[in-house]
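The values are calculated or read from the model by the stated rules, or taken from the named source; none is laboratory data. These numbers come from a predicted model, not from an experiment. Positions of Cβ are generated from backbone atoms using ideal geometry, with glycine treated the same way; all protein chains shown enter the neighbour counts. For accessibility, only protein heavy atoms count, side chains too; no ligands or nucleic acids. Shrake-Rupley method; radii C 1.70, N 1.55, O 1.52, S 1.80 Å.
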Amino acid sequence: MTAVEIVDLHKSFGDLEVLRGISASVATGEVVCVIGPSGSGKSTLLRCVNLLEQPNSGKIVVNGVEITDRDCDIDGARRRLGMVFQQFNLFQHLTVLDNLTIAQRKVLRRDKAEAERVAMDNLTKVGVADKVRSYPAQLSGGQQQRVAIARALSMGPEVMLFDEPTSALDPELVGEVLGVMRQLADEGMTMLVVTHEMQFAREVADKVLFMDGGVVVEQGPPDQVIGAPQHERTKTFLARVLDPIHRTE
Amino acid sequence: MSPRKRQQFVRGGQYVVFAAVVLLVVFAADWSSLRQNFANLDVAGQAFPELITIALKNTVIYTLSAYVVGFVLGLLVALMRLSSIAVYRAVALAYIEVFRGLPALVVFLIFGFGLPVAFPGLTFPFDQYGTVAVALGLVAAAYMAETFRAGIQAVPRGQMEAARSLGMSHTRAMVSIIIPQALRIVIPPLTNELILLFKDSSLVFVLGVTSLTTELSKFGGDLATEHANSTPLVLAGATYLVITLPLGYVVRRLEAKQRKAR
Ligand SMILES: Nc1ncnc2c1ncn2[C@@H]1O[C@H](COP(=O)(O)OP(=O)(O)O)[C@@H](O)[C@H]1O
Ligand SMILES: [Mg+2]
């Protein structure tokens with residue numbers, strides 16, 4: 001079954017055409033990683049998928065519902081997609097527990113006990129259950145990002161979107177977040193992940209998309225796209241990312 | 001003379017000038033007349049307890065009621081100012097510009113003399129208190145609106161996006177996520193606004209006040225005229241300072257705390 005279907009998606013900011021006809025699909029239970037140079041439109045693609053940006057044209061279908069349809073209930077559609085941001089974006093004025101319960105209560109209308117039970121389950125899953133009473137500013141980056149993942153999971157999303165979830169982390173904290181994502185993938189969560197972690201993409205992804213200049217240049221299984229790229233642009237990009245000397249770029 | 005020496009010399013000179021001015025004032029002033037006129041215990045006795053039970057009480061009521069009106073209206077205007085609907089933005093902007101451009105005194109005069117002529121029979125609830133709350137509140141709202149706007153815009157964009165990505169509507173995200181964080185940011189400037197209002201409440205006199213609706217400035221002024229003695233003014237002034245100085249201190253502490261938290 002297809003969880004997310006993206007058809008000929010176009011998005012411009014003024015004169016700048018950022019997405020120039022993207023078509024891709026994510027099957028249910030599949031992990032798709034999007035790689036590509038900075039500025040190639042990866043974030044914009046993800047933001048279009050949960051309608052933080054309005055595409056200019058094209059279609060996005062999530063589990064049979066066309067969310068780009070004019071009559072579609074945007075808030076309802078977003079609820080079905082969990083989003084994890086590069087900068088975590090935890091609600092700074094709320095405790096970890098309240099970060100996880102507020103949308104459950106206000107949007108899903110769950111009662112307090114139910115919302116807290118779901119929150120605790122997810123916090124336990126990502127390994128920060130001992131931090132329920134803390135405020136985001138008191139947590140490390142890795143802990144914050146794991147809380148952000150738990151917050152998205154608490155809404156019971158059908159698909160999880162990750163936009164460079166480890167790019168803002170100190171190197172020693174990257175592993176704990178990737179570990180949680182790996183576990184989610186093992187449990188069968190459908191995931192669309194923008195990442196620069198090639199090792200993760202190789203091991204966890206079912207499919208890899210290489211984007212450059214607003215188009216999907218190449219896609220396929222990781223061993224093919226990362227292991228044996230066909231296109232010159234993909235090769236150049238991978239050479240730069242995988243070359244240890246330029247790693248920090 | 002070495003530059004260092006010269007600097008010491010100049011500094012020393014500045015102290016000498018300061019001391020000279022102080023001495024001059026001290027010796028030239030007529031202290032007994034001053035005490036008689038500004039610190040007259042007999043006259044001071046006359047000011048109590050009304051200075052506290054009526055004047056201060058009314059000043060506080062005028063200030064707080066205007067503050068509540070200004071707070072609610074200011075938040076509303078700020079949200080209109082940030083609205084995606086152009087008409088709301090235009091109205092909010094016009095409101096802010098007009099009421100920040102007018103002296104509060106003029107607004108009071110309009111309320112005291114203009115409105116009753118324009119709308120005969122117009123009355124505000126709670127008489128004088130209602131009129132003051134609205135007139136002073138309208139002025140305060142314009143300033144508070146700009147403060148709220150700045151506070152809302154200071155909340156990082158990602159907060160709204162995270163809220164929306166969880167399925168919250170724009171309004172829900174504003175109420176539950178953005179405004180609570182904005183309020184924390186604007187506590188110091190809003191406390192400053194309270195201090196300003198506390199002083200501006202003295203403008204109530206242009207509406208004409210009775211012995212029961214009088215406030216600190218008017219009370220002090222009237223009593224001073226009655227006794228041909230300035231002591232009541234000193235008392236009124238001291239009462240303002242008793243409130244404003246601690247509040248000012250609190251504002252500075254809060255600001256310092258926020259700077260550190262950055
Ligand atoms: N809101 C926006 N307004 C204008 N330009 C934008 C906006 N968001 C992204 N862009 C531009 O779109 C291009 C692609 O950005 P992005 O999708 O963030 O790329 P990536 O995530 O692959 O680095 C960049 O040139 C960026 O400057
Ligand atoms: Mg990006």
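Quickly run through the range B:27-47 and pick out the residues that are of a type outside the set (Ser, Thr, Tyr) and open to solvent by 60 Å² or more (accessible area, probe 1.4 Å). Please lay out each step first, then the result.
Of the residues in the range B:27-47, the ones of a type outside the set (Ser, Thr, Tyr) are B:27-31, B:34-47.
Result: B:PHE27, B:ALA28, B:ASP30, B:TRP31, B:LEU34, B:ARG35, B:GLN36, B:PHE38, B:LEU41, B:ASP42, B:GLN46.
With respect to the conditions (1) more than 16 Å from A:PRO157 (Cα to Cα); (2) at pLDDT below 95; (3) over 19 Å from the mean Cα position of the chain (by Cα), A:GLN54 lacks only one, and its number is (3). If only residues of the range A:49-73 that are out of contact with any Ser or Thr (no Cβ under 7 Å at 6 or more places or on another chain), more than 14 Å from chain B (Cβ to nearest Cβ) and closer than 16 Å to A:LEU161 by Cα are counted, the one that is surrounded by the most Cβ atoms within 10 Å (Cβ to Cβ) is A:VAL61. Checked against the criterion of being within 16 Å of ligand 2 (Cβ to nearest atom), over 15 Å from the mean Cα position of the chain (by Cα), at negative phi and part of a helix (DSSP H, G or I), the range A:205-225 has no qualifying residue. Contact map, the range A:18-41: residues that are within 20 Å of A:ASN63 (Cα to Cα) paired with residues that are aromatic (Phe, Trp, Tyr) and more than 16 Å from ligand 2 (Cβ to nearest atom), Cβ distance under 8 Å, separation 6+ or inter-chain. Pairs shown: A:CYS33/A:PHE200. Exactly one residue out of A:GLU17, A:GLU30 is under 17 Å from A:GLU158 (Cβ atoms) and more than 14 Å from chain B (Cβ to nearest Cβ), and it is A:GLU30. Here are some residues: A:GLN224, A:GLN183. Which one is closer than 25 Å to A:LEU9 by Cβ and open to solvent by 40 Å² or more (accessible area, probe 1.4 Å)? Just a single option satisfies the conditions, and that option is A:GLN224. Here the helices (runs of 4 or more DSSP H) wholly within the range A:74-136 that include at least 2 residues being more than 13 Å from chain B (Cβ to nearest Cβ) are A:96-106, A:112-126. When residues in the range B:160-182 are screened for being assigned to a helix (DSSP H, G or I) and facing another protein chain (nearest Cβ under 7 Å), 9 of them pass.
Scanning the range A:2-17 for residues that are open to solvent by 20 Å² or more (accessible area, probe 1.4 Å), away from ligand 2 (no atom under 16 Å from the Cβ) and either free of Cβ contacts under 8 Å to residues at least 40 places away in the same chain or β-branched (Val, Ile, Thr) (or both) returns A:THR2, A:VAL7, A:GLY14, A:ASP15.
The single condition from (1) open to solvent by less than 10 Å² (accessible area, probe 1.4 Å); (2) away from ligand 2 (no atom under 16 Å from the Cβ); (3) of a type outside the set (Ser, Thr, Tyr); (4) part of a helix (DSSP H, G or I) that A:MET160 fails is (4).
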